[in-house]
Amino acid sequence: MVSAAVLSGGSTMAAENRPERVSGWKAGGMRGAVAGGEAEAVNAAAGVIERGGNAADAAATMLLAMCVTDSSLYCFGGEVPIIHHDGATGKVEVIAGMGVAPKLATLEHFKKGIPRGGPESAAVPAALGAIITLLSRHGTFTFASAAKPMMMLLGAAKKEWHTDLGATMTQLMDAEKAAGDRLAGLRAVADCFYRGPVAAALDEWSQANGGLIRAEDLAAHVTRIEEPVMADYRGFTVCKCGAWTQGPCLLEALKLIEGFDVKAMGRQSPETVHLAVEALKLAMADRDVFYADPLFEKVPIGALLSAEYTAMRRKLIEMDRASLELRPGDPLGGKPLLDRRDPRFGPPGVSHDTTTCLAADDKGNFVAATPSGWGGVLAGTTGVWLNSRLQSFNNWPQSPNRIMPGKRPRITLSPTLVLKAGRPVLAVSVAGGDGQDQAALQMVMNYVDHGMAADESVAADRFGTDHHIGSFGQTPPSLGSLSINAGFGEATIAALKGRGHKVRQPGGALWMPCVLQRDETGRFQAAGDPRADRHAAAI
């Protein structure tokens, strides 16, 4: 693990790939900024902006490098939802970097349950397709240019799979080189991986090892470009990926909270903590019942975020009492509570895989991405670790999130972009499963309601709840639970216990957030929680 001190002056990254000014966990500058996981990857991304690349180039470089530096959290065969803001046009778009269930991943096949790992649990790899799409639509780099720091890291590594992945990367770059111009080269990289020799090798390994992915699944992969789901919060516009992620539940929670004067309550007051947790309980109950791939299911996002529905749901929040039950609503019926509630759960379990990626430049381009995918298996001598994302489906026939071939699982990965008057002012990426939007909610409130700088926000104490169905294997909820850092103080914690919250006080950081801000002067502030070994750099 590379320390902040290494970032500041002793990095093993070659000088031409290292910016002149790099901080450890926080940084500020005028030309651009990045924040993410391990130091070497963040350093490489900052070097891109230092040398004139844009935010898309920097993010692509970081995402590729983190396949090595953050390889216990994210893999080359994983996934990465991306939100991009174009500084020239003002357009915000989602690059939907989530693969689908293979054709063999039927409800019948998984009638006894979906495994939490192993060859059968892999969705079609989507990270590479998303990175290529980001470069082709918004970047200026070739694939080989973006991959240069990754290749240097692989060359210095000692594990066998590093050598194998380096060979696969060389295949991809050779395909690019033969193609000619930059865009044709990027298409050639995608073809080599999804329809060429790499796909053939993945198919051969999968068939020999009980996996479900076949060459036809890889050939059919498409990286979709989608509109973000957006909601206003106190004059700001918050942008999220669609209901194939948990992202819109952050928007619902904000709409519920908007009816209260949080600034007057104070950030660390029991009232603010109680309100946010109760809003999250309601929003995540709706997530668990309604969210799924909108290409397969009718997800009532408009109704869930409507003023009428959120006003009804807001009345369910009792400021003197913690809710101890799951309470999904009925947006289509226009009622605050769903009449029939028969939640199902899977076996207990945990999942720890995801890292973070933010980038921005002085032209107004912003990228917020949340890469993940570790937990699967190594696909033979390709060096490609596969994801285990099918575990985010269930096998319940009546559920909108039931597994089906060609369908995306409803995932926790959930980057955030916040606009003021159409311009990005805040980007957030969080690692931490079901806690991602719980931490992101606090990052947004810290900025909008409390005026906190990036470093103050990520380093502040946090809180959250497991009062929801787990997204990995549909684990049972811990009703009434409240995890809260001791820094909130004995009086606040005692008051929350008095409201009926079942309090636990974890010693370390709750989840792993990174924040990137830009103020009215154009200055960037970037920070990653040092307790979670996040890093940031600015130029």
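Does region 507-525 contain at least one residue that is at pLDDT below 95, surrounded by fewer than 24 Cβ atoms within 10 Å (Cβ to Cβ) and more than 26 Å from Thr245 (Cα to Cα)? Checking region 507-525: at least one residue is at pLDDT below 95, surrounded by fewer than 24 Cβ atoms within 10 Å (Cβ to Cβ) and more than 26 Å from Thr245 (Cα to Cα). For region 200-240, give me each residue that is under 28 Å from Leu135 (Cα atoms) and either of a type in the set (Lys, Arg) or more than 26 Å from the chain's Cα centre (by Cα) (or both). Across region 200-240, the qualifying residues are Ala200, Ala201, Asp203, Arg214, Ala215, Glu216, Arg224, Lys240. What do you reckon, is Ala147 of a type in the set (A, V, I, L, M, F, W, C), modelled with pLDDT of 95 or more and crowded, with 24+ Cβ neighbours inside 10 Å? Considered against the rule, which asks whether it is of a type in the set (A, V, I, L, M, F, W, C), modelled with pLDDT of 95 or more and crowded, with 24+ Cβ neighbours inside 10 Å, Ala147 comes out as yes. If you go through region 204-217 one residue at a time, do you hit one that is among the hydrophobic types (A, V, I, L, M, F, W, C), modelled with pLDDT of 95 or more and over 22 Å from Leu386 (Cα atoms)? Within region 204-217, not a single residue is among the hydrophobic types (A, V, I, L, M, F, W, C), modelled with pLDDT of 95 or more and over 22 Å from Leu386 (Cα atoms). Listed by first and then second residue, the pairs linking a residue in region 353-379 that is within 18 Å of Thr521 (Cα to Cα) to a residue that is crowded, with 24+ Cβ neighbours inside 10 Å and aromatic (Phe, Trp, Tyr), with Cβ atoms under 6 Å apart and 6 or more places separating them unless they lie on different chains, are Ala360/Phe366.
Comparison of Lys281, Lys263, Lys335 shows that the only residue that is of a type in the set (Lys, Arg), in contact (Cβ under 8 Å) with a residue 40 or more places away in the chain and more than 30 Å from Ile95 (Cα to Cα) is Lys263.
Do we find that Gly87 is modelled with pLDDT of 95 or more, closer than 15 Å to Arg137 by Cα and either more than 15 Å from the chain's Cα centre (by Cα) or not acidic (Asp, Glu) (or both) in this structure? Answer is yes for this residue. Checking the structure you have, find out if any residue of region 478-499 is under 30 Å from Arg402 (Cα atoms) and of a type in the set (A, V, I, L, M). Scanning region 478-499 turns up at least one residue that is under 30 Å from Arg402 (Cα atoms) and of a type in the set (A, V, I, L, M). Among residues of region 390-399 being of a type outside the set (A, V, I, L, M) and under 25 Å from Ala127 (Cβ atoms), the one that is nearest to the chain's Cα centre (by Cα) is Ser392.
Go through the residues of region 342-355 one by one and say whether even a single one is within 20 Å of Met443 (Cβ to Cβ) and either hydroxyl-bearing (Ser, Thr, Tyr) or buried (at least 23 other Cβ atoms within 10 Å of the Cβ) (or both). Yes: region 342-355 contains one or more residues that are within 20 Å of Met443 (Cβ to Cβ) and either hydroxyl-bearing (Ser, Thr, Tyr) or buried (at least 23 other Cβ atoms within 10 Å of the Cβ) (or both). If only residues of region 399-414 that are of a type in the set (A, V, I, L, M, F, W, C) and farther than 16 Å from Arg116 by Cβ are counted, the one that is surrounded by the fewest Cβ atoms within 10 Å (Cβ to Cβ) is Met404.
Taking the criterion of being surrounded by fewer than 19 Cβ atoms within 10 Å (Cβ to Cβ), touching an Asp or Glu at 6+ places or on another chain (Cβ under 9 Å) and among the small types (Gly, Ala, Ser), would at least one residue in region 115-130 satisfy it? Checking region 115-130: not a single residue is surrounded by fewer than 19 Cβ atoms within 10 Å (Cβ to Cβ), touching an Asp or Glu at 6+ places or on another chain (Cβ under 9 Å) and among the small types (Gly, Ala, Ser). Scanning region 468-506 for residues that are touching a Gly at 6+ places or on another chain (Cβ under 7 Å), at pLDDT 95 or above and farther than 29 Å from Ala526 by Cα turns up Gly480, Gly500, His501, Lys502.
Screening region 97-113 for residues that are over 30 Å from Ala368 (Cα atoms) and among the hydrophobic types (A, V, I, L, M, F, W, C) and picking the one that is surrounded by the most Cβ atoms within 10 Å (Cβ to Cβ) gives Ala105.
Each row is one residue, and each column tells you yes or no for (1) touching a residue at least 24 places away in the same chain (Cβ under 8 Å); (2) under 24 Å from the mean Cα position of the chain (by Cα).
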{"site": "Arg116", "(1), (2)": "yes, yes"}
{"site": "Phe143", "(1), (2)": "yes, yes"}
{"site": "Leu154", "(1), (2)": "yes, no"}
{"site": "Lys158", "(1), (2)": "no, no"}
{"site": "Trp161", "(1), (2)": "yes, no"}
{"site": "Glu176", "(1), (2)": "yes, no"}
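Counting only residues that are part of a strand (DSSP E or B) and crowded, with 24+ Cβ neighbours inside 10 Å, region 419-436 holds 7 of them. Within region 209-230, the set of residues being of a type in the set (A, V, I, L, M, F, W, C) and surrounded by fewer than 22 Cβ atoms within 10 Å (Cβ to Cβ) comprises Ala215, Ala219, Ala220, Val222, Ile225, Met230. From the residues in region 442-482 that are among the hydroxyl-bearing types (Ser, Thr, Tyr) and buried (at least 20 other Cβ atoms within 10 Å of the Cβ), which one is nearest to Asp286 (Cα to Cα)? Step by step, filter region 442-482, then rank; the result is Ser471. Residues of region 378-398 that are over 30 Å from Val515 (Cβ atoms) and either out of contact with any helix residue (DSSP H, G or I) (no Cβ under 9 Å at 6 or more places or on another chain) or buried (at least 22 other Cβ atoms within 10 Å of the Cβ) (or both): Ala379, Thr382, Gly383, Val384, Leu386, Leu390, Phe393, Asn394, Asn395, Trp396, Pro397, Gln398.
Given (1) touching an Asp or Glu at 6+ places or on another chain (Cβ under 6 Å); (2) at negative phi, where does Gly32 come up short, assuming only one miss? Result: Gly32 passes all but (2).
Of the set (1) under 23 Å from Ala440 (Cβ atoms); (2) part of a loop (DSSP other than H, G, I, E, B), all apply to Ile213 but (1). In the set (1) surrounded by 24 or more Cβ atoms within 10 Å (Cβ to Cβ); (2) more than 22 Å from the chain's Cα centre (by Cα); (3) assigned to a loop (DSSP other than H, G, I, E, B); (4) not charged (D, E, K, R), Ala243 fails one condition alone, (2).
Contact annotation: residue pairs with Cβ atoms under 9 Å, 6 or more positions apart or on different chains, pairing a residue in region 90-106 that is at pLDDT 95 or above with a partner that is outside any loop (DSSP other than H, G, I, E, B) and of a type in the set (Phe, Trp, Tyr), are Val92/Phe366.
The values are calculated or read from the model by the stated rules, or taken from the named source; none is laboratory data. Remember, predicted model here, so these are calculated numbers, not experimental data. Ideal geometry is used to build each Cβ from the backbone, glycine not excepted, and the neighbour counts take in all protein chains shown.
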